[in-house]
Amino acid sequence: MSDEYEMPYEPGYEMSYAHPDSVEGLLQRGRGLGAVRALRDPAGSATHVYDGIHRDWRWDGTDERSLYLARLVRDLALPPGPVVGRLTEDEDTCARAGEVLELLALAGSGEAREGLRAYVRVGEHWVRVLESLSDAWPVEWWEDLGDIARKRIGGEEELPWSTEPWTRFGIEVQSHPSAPRPSLAGLGTQELLCLLAAHGTGDGTKVDALRALGDRGPVEELIPLVPSLGMSDVDRPLPLLRRAVERLGVLAVPAAHGWAQGDLPWLARLGADVVAEHPVPESLPGLLEELAGQWATRAWCGPDRTARRLARLGPAAAGALPHLRRFWLHTPHSYERTAYLEAMAAIEPDPTCLGPLYIEALWDCEERARLLGIASAPAGPEALARIAVLRDDPMETAEVRAAARVRLTALAADSRLPVPGDRAGGDGAGGCRAPINTSTRNEGIRDPSGDDQTQ
């Protein structure tokens, strides 16, 4: 296989990812290591950063890139002008550029802020941009655009769907009013279960009951009711039922074996999924084969489920570590990347082996990866400095900033602050089941590029 990954975007059109160890390929995948390398060569990386805004390198819509790219523009001291220029292109490119500019404005870029405001006055896709920035920015940054909005809205083919900022501007929106449903949160657990069991209860009320149960932890008495909780008009479970069953964890497994053998297709699928999510030791060979097959075919969507199932088997699944590490290094589907690191953590008996990956995760494009890095990165100077950056970054999500604050506060209160050993000069193996071959570049982040890079 070549050093590039063929990625079908739409019929007749393909894009290829660059090699996963190149700066270009790392940035396309949203890897933390890509951000670190780019910071060492801003001039050489600028083209790749701008390209990530021009072209959508996400594997699908669940992948995150806007914050990652906005940070790169800011931290590499790149001018926002080329990003502002992308607002004039097609709607999707305009949206990507707009999201980056919104974040840059929050970080203090006047050029980004004024570029978006100017676009609202004259741009083609101004409605979408105004809705987005009104959600991201303080109201005083955009409320003076009301006159412009009232003047321009008459030229649109249809009324806006969102409430803000239109109702603030006195502009009519499309609405589909529905009668408010009474909350069932005040009912007791047994009352909610009775509603779910009653034949005369409508689907909407049952969904409300499942929602109310969602705040109460696993409810074992729900298990015998599951087969009756399909939708009345289609072959699928009620919304929120799968989530309620997942909360039951291993408690649902005995019943799930029976569901998987039943005649109802939706129930059989649910039962099979529950059984698969709680593997037994005898499941290990099949799961290892499944993961190896996913790697062989470069199946980027779905190995995260296999990884989670292997993680439940703990160190016995050590044979999965090489493939899990390959998926971490190579996948363009960044949403799944965190699951590979979580699985390695559950399987690898020596947690220090994963320190470099936890540190890299602090620069990752995915919020879940950064949260995992904050929670688990060894408390060395580099990691602590990066966590402090995440805590104070106005572009960062509230959850990540809060987690960074908690980690740093806890470490500051602990007089036994650990001092990590200097492992960068060795092969990084130690007692690790899946050694990470590294070099000493990249400001202390051990570069996991020493093997498995050949396609």
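Before moving on, here are some points about what is shown:
Residues checked against (1) within 23 Å of Asp233 (Cβ to Cβ); (2) at pLDDT 95 or above:
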{"residue": "Ile148", "(1), (2)": "no, yes"}
{"residue": "Ile153", "(1), (2)": "no, no"}
{"residue": "Glu156", "(1), (2)": "no, no"}
{"residue": "Ser162", "(1), (2)": "no, no"}
{"residue": "Ser178", "(1), (2)": "yes, no"}
{"residue": "Ala185", "(1), (2)": "no, no"}
{"residue": "Ala198", "(1), (2)": "yes, no"}
{"residue": "Asp203", "(1), (2)": "yes, no"}
{"residue": "Val207", "(1), (2)": "yes, no"}
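- Picking from residues in region 198-234 that are in a loop (DSSP other than H, G, I, E, B) and of a type outside the set (Gly, Ala, Ser), the one that is surrounded by the most Cβ atoms within 10 Å (Cβ to Cβ) is Leu229.
- Test result for Leu225, closer than 23 Å to Leu192 by Cα, in contact with a strand residue (DSSP E or B) (Cβ under 9 Å, 6 or more places away or on another chain) and free of Cβ contacts under 8 Å to residues at least 40 places away in the same chain: no
- Among the residues of region 28-76, those identified as among the acidic types (Asp, Glu) and more than 19 Å from His330 (Cα to Cα) are Asp41, Asp51, Asp75.
- Among the candidates Glu277, Glu246, residue that is of a type in the set (Asp, Glu), farther than 30 Å from Asp21 by Cβ, without any contact (Cβ under 8 Å) to a residue 40 or more places away in the chain and open to solvent by 50 Å² or more (accessible area, probe 1.4 Å): Glu246
- Search result, residues across region 249-274 that are open to solvent by 80 Å² or more (accessible area, probe 1.4 Å) and either touching a residue at least 60 places away in the same chain (Cβ under 8 Å) or within 30 Å of the chain's Cα centre (by Cα) (or both): Val250, Arg269
- Qualifying position, being outside any loop (DSSP other than H, G, I, E, B) and at negative phi, among Ala299, Ala307: Ala307
- Some residue of region 338-347 being open to solvent by 10 Å² or more (accessible area, probe 1.4 Å) and touching a Gly at 6+ places or on another chain (Cβ under 8 Å): yes
- Some residue of region 154-177 being within 30 Å of Thr88 (Cα to Cα), over 29 Å from the mean Cα position of the chain (by Cα) and in a helix (DSSP H, G or I): yes
- Looking across Pro322, Pro351, one residue alone is surrounded by fewer than 22 Cβ atoms within 10 Å (Cβ to Cβ) and free of Cβ contacts under 8 Å to residues at least 40 places away in the same chain. It is Pro351.
The values are calculated or read from the model by the stated rules, or taken from the named source; none is laboratory data. This is a predicted model, so every value here is computed, not measured. Cβ atoms come from the backbone with ideal geometry, glycine included; neighbour counts cover every protein chain shown. Note: areas computed on protein heavy atoms with side chains; ligands, DNA, RNA excluded. Shrake-Rupley method; radii C 1.70, N 1.55, O 1.52, S 1.80 Å.
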